[in-house]
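Novice: Please find one structure pasted underneath; my questions will follow.
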Amino acid sequence: MEKRVIFKGWLLPLLLLMPQVIITAVFFFYPAGQAIWQSLFIPDPFGLKSQFVGLGNFEFLLGDPYYRASFVTTAIFSGLVTIFSMGIALYLALLADRLIKGAGTYRTLLIWPYAVAPAVAGVLWLFMFNTRVGVVSWYLGLLGYDWNHVLNQTEAMGLVVAASSWGRISYNFLFFLAGLQAIPRSVIEAAAIDGARFWTRFRTIVWPLLSPTTFFLLVVNVVYAFFETFGVIHTITGGGPQQATTILVYKVYSDGFVGQDLGSSAAQSVILLLVVGLLTVIQFKFIERRVHY
Amino acid sequence: MATLKLNSVKKRFGKTEVIHGVDIDIAEGEFIVIVGPSGCGKSTLLRMVAGLETVTAGDIEISGKRVNDLEPMDRDIAMVFQNYALYPHMSVYENISYGLRIAGVAKDEIARRVATAANMLQLDAHLKRKPRELSGGQRQRVAMGRAIVRKPSVFLFDEPLSNLDAKLRVQMRLEIKALQKELGITSLYVTHDQVEAMTLADRMIVMHDGVADQIGAPLDVYANPATQFVAGFIGSPATNFVPATSLATPRSGCATVGVRPEHARIVHSGNGHATGIVTFSEALGAETLIHLALPSGEQFTVRQEGSMPGRNPGEHCGIDWPPASEIHFDAAGQRVTAR
């Protein structure tokens, strides 16, 4: 089916590919190579000289209980963010799919949070839940609940999960809505006539037909929770209390730029790189296997 | 087995009324075809019977029970859609058995009924395939199978053949007719194709602008159209309409005279009821269609045996027909019967 363009020489195709290759090389291969190189050394605190340690940094990391705890934290954090942002988005999309009047306005309003940068979103939520001046924590106080995410680890986790999911709901909503509207109306109607009520239809028809969208979002959201939530965590908790919200990417930053252990930080980056690689492979493997109509 | 009754059913979308009160009374086991041009409201009417559209006014009754407020699944109907609406992620077997599985029918009973349906529709060999692996005709059969396994009391067909090519359409038409006769299930069939309507229907309903212009057996409708629209819509080539005043002997008491192409014949110029100039003729083998332009500007088509002499463009001819074959209409397009 695919139409292939046949080039006469190799110069034009090479030129056409160049911009993409250069960008990838400069912004990905070069820094990634540097990270791998650095992960094999331990520099002194002043950065004057560094000592080759082979895989020593990795050995240390895998034996480090804090690093392993950070893995668990990341798993919990990204799991919760993915579940909440996708679950709520799917629910809203199901409601919007039945909406006819005002669908455009509704959609536009729901998309706004996506335009808010993670760090700004973090600050917004921080102000609302600030233990001294936060509106929400004040109301919670009136209800007799003493909100303090600065000391309470669970509350800290809850807050960063909420702040990270919030901005993500819009994005997921858009994809879910598009996915739902791509399901032919008549298929749903046929199921209704066949005797399926709303939830049966959802379970047996809508959900399976939506699965390519769901899977795509799953991968994208996990990657988001792994990497792009840095701003939220940095502004709200700074990884605390007691490293309860230090996810892997935050630990790369705090070990490297705060703790000045650049070798370990580089090693952590490499491990993260492998994780992304793995996620990407999974993504491609499954996205290829779409449901075709 | 059931009867289906529509009592002055109306439908409004916002402020526009698309169906202005339709009455239909369908007997048990009858095959009714609703035919009309696109936009006449025939599909909307069918969707109201199915419960996919709300009824603005009037009643729909299945076997004497008012179903206006029932959900589609509670109406005991089955529907075949124009695009088949098969479940793309399910095999043919799963597609056909879907309704039974939801209803919680026992597994062996499901297997038995699917096997019977598949046998009837020659789908035995394809039960494990996905819809995308089937041809158009096979998909159509799966859609039929899905409808018949549930043994509904009413079948609804929404232009089921319009996505098939011409040859397959003729074949499926015969199969649908045979199947309906065999099962004896009351059926309501919507189409814009008057040949389908003529061949399938026990009685047909000609719809026009949200009104049922005429209800009757196909040949009755053909022979005695109730309105000018019906006369023009049913039959191909269409009925010729000539202004009553432009004829050699003007007719009184009507505005327009309708003449079927097969009733007219070419005579010498100056004879007959009207004169015309041949614009072109189509020789189809068994018959020849001669198109003429009348002095009043109307097109006129004469259908004659293929063995009769043809006519050349530009030839002046007279057109004659037996006066008894004329169909008279008033200015509003209604039939004038008293002649």
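The values are calculated or read from the model by the stated rules, or taken from the named source; none is laboratory data. This one's a predicted model, so the numbers in the text were calculated from it and none came from an experiment. Here Cβ is always computed from backbone atoms with ideal geometry, including for glycine, and neighbour counts include all displayed protein chains.
Novice: If we keep just the residues of region B:285-297 that are surrounded by 13 or more Cβ atoms within 10 Å (Cβ to Cβ) and within 27 Å of the chain's Cα centre (by Cα), which is nearest to B:Ala244 (Cα to Cα)? Full working, then the answer.
Specialist: Residues of region B:285-297 surrounded by 13 or more Cβ atoms within 10 Å (Cβ to Cβ): B:287-294, B:296.
Still in the list and also within 27 Å of the chain's Cα centre (by Cα): B:287-291.
Numbers: B:Glu287: 28, B:Thr288: 26, B:Leu289: 23, B:Ile290: 22, B:His291: 20 Å.
It comes out as B:His291.
Novice: So, A:Ala119, is that one surrounded by fewer than 16 Cβ atoms within 10 Å (Cβ to Cβ), among the small types (Gly, Ala, Ser), in a helix (DSSP H, G or I) and in contact (Cβ under 8 Å) with a residue 40 or more places away in the chain or not? Step through it out loud before you land on a result.
Specialist: Details: surrounded by fewer than 16 Cβ atoms within 10 Å (Cβ to Cβ): yes; among the small types (Gly, Ala, Ser): yes; in a helix (DSSP H, G or I): yes; in contact (Cβ under 8 Å) with a residue 40 or more places away in the chain: yes.
So A:Ala119 fits the description; yes.
Novice: Then there's this: Considering only region B:210-294, give the strands (runs of 3 or more DSSP E) lying wholly within it that have at least 2 residues that are of a type in the set (S, T, N, Q) and not assigned by TED's automatic domain parsing to the domain that holds B:Leu46.
Specialist: Working: elements: B:211-216, B:240-243, B:256-259, B:265-267, B:274-283, B:287-293.
Those strands (runs of 3 or more DSSP E) span B:274-283.
Novice: Go through region B:171-182 and give me each residue that's farther than 24 Å from B:Gly39 by Cβ and surrounded by 15 or more Cβ atoms within 10 Å (Cβ to Cβ).
Specialist: To start, the set of residues in region B:171-182 that are farther than 24 Å from B:Gly39 by Cβ comprises B:171-172, B:174-182.
Within region B:171-182, B:Met172, B:Glu175, B:Ile176, B:Lys177, B:Leu179, B:Gln180 qualify.
Novice: Taking helices (runs of 4 or more DSSP H) that fall entirely within region A:5-103, which contain at least 1 residues that are within 22 Å of A:Arg168 (Cβ to Cβ)?
Specialist: Details: elements: A:11-24, A:30-38, A:56-63, A:65-98.
The helices (runs of 4 or more DSSP H) meeting that bar are A:65-98.
Conditions tested, residue by residue: (1) farther than 18 Å from A:Ala192 by Cα; (2) in contact (Cβ under 8 Å) with a residue 60 or more places away in the chain.
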site: B:Ser43; (1), (2): no, yes
site: B:Ala57; (1), (2): yes, no
site: B:Glu61; (1), (2): yes, no
site: B:Gly64; (1), (2): yes, yes
site: B:Val67; (1), (2): no, no
site: B:Pro72; (1), (2): no, no
site: B:Tyr84; (1), (2): no, yes
site: B:Tyr87; (1), (2): no, no
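Novice: In addition: Residue by residue through region A:144-203, note down the ones that are away from chain B (no Cβ under 14 Å), touching a helix residue (DSSP H, G or I) at 6+ places or on another chain (Cβ under 7 Å), farther than 20 Å from A:Thr229 by Cβ and in a helix (DSSP H, G or I).
Specialist: A:Phe176, A:Leu177, A:Leu180, A:Gln181
Residues checked against (1) in a helix (DSSP H, G or I); (2) within 14 Å of chain B (Cβ to nearest Cβ):
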{"site": "A:Ile205", "(1), (2)": "yes, yes"}
{"site": "A:Gly240", "(1), (2)": "no, no"}
{"site": "A:Ser269", "(1), (2)": "yes, no"}
{"site": "A:Leu273", "(1), (2)": "yes, no"}
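Novice: Is it true that some residue in region B:190-206 is more than 24 Å from B:Glu287 (Cβ to Cβ), at pLDDT below 90 and either outside the structural domain of B:Lys42 (by TED's automatic domain parsing) or surrounded by fewer than 19 Cβ atoms within 10 Å (Cβ to Cβ) (or both)?
Specialist: no
Novice: Let me ask you something else. Scanning region A:249-272 for residues that are of a type in the set (Phe, Trp, Tyr) and out of contact with any Gly (no Cβ under 6 Å at 6 or more places or on another chain), which turns out surrounded by the most Cβ atoms within 10 Å (Cβ to Cβ)? Break it down stepwise before answering.
Specialist: Of all residues in region A:249-272, those of a type in the set (Phe, Trp, Tyr) come to A:250, A:253, A:257.
Then drop every residue that is not out of contact with any Gly (no Cβ under 6 Å at 6 or more places or on another chain), which leaves A:253, A:257.
Numbers: A:Tyr253: 17, A:Phe257: 11.
It comes out as A:Tyr253.
Novice: Go through region A:259-274 and give me each residue that's closer than 23 Å to A:Val161 by Cβ and at pLDDT below 85.
Specialist: The answer is none; no residue qualifies.
Novice: Which condition number in (1) among the polar types (S, T, N, Q); (2) in a helix (DSSP H, G or I); (3) over 28 Å from A:Leu40 (Cα atoms); (4) more than 14 Å from the chain's Cα centre (by Cα) is the one that A:Asn221 fails?
Specialist: Answer for A:Asn221: the failing condition is (4).
Novice: Here is a further query. Given the condition touching a residue at least 12 places away in the same chain (Cβ under 8 Å) and within 13 Å of chain A (Cβ to nearest Cβ), answer yes or no: does some residue in region B:161-168 qualify?
Specialist: Taking region B:161-168 first, the residues touching a residue at least 12 places away in the same chain (Cβ under 8 Å) are B:161-165, B:168.
Of the ones still in play, those that are also within 13 Å of chain A (Cβ to nearest Cβ) are B:163.
Yes: one or more hits.
Novice: Considering region B:65-81 alone, what residues qualify as being closer than 18 Å to B:Asp158 by Cβ and among the charged types (D, E, K, R)?
Specialist: Matches in region B:65-81: B:Arg75, B:Asp76.
Novice: Is there a residue in region B:302-313 that is assigned to a strand (DSSP E or B), closer than 23 Å to B:Arg251 by Cβ, touching a Leu at 6+ places or on another chain (Cβ under 6 Å) and not charged (D, E, K, R)? Give the derivation first.
Specialist: First, pick out the residues of region B:302-313 that are assigned to a strand (DSSP E or B): B:302-305.
Remaining after also requiring closer than 23 Å to B:Arg251 by Cβ: B:302-303.
Now drop any that are not touching a Leu at 6+ places or on another chain (Cβ under 6 Å), which leaves B:303.
With the extra rule that they be not charged (D, E, K, R), the set shrinks to none.
No; the residues of region B:302-313 include none that is assigned to a strand (DSSP E or B), closer than 23 Å to B:Arg251 by Cβ, touching a Leu at 6+ places or on another chain (Cβ under 6 Å) and not charged (D, E, K, R).
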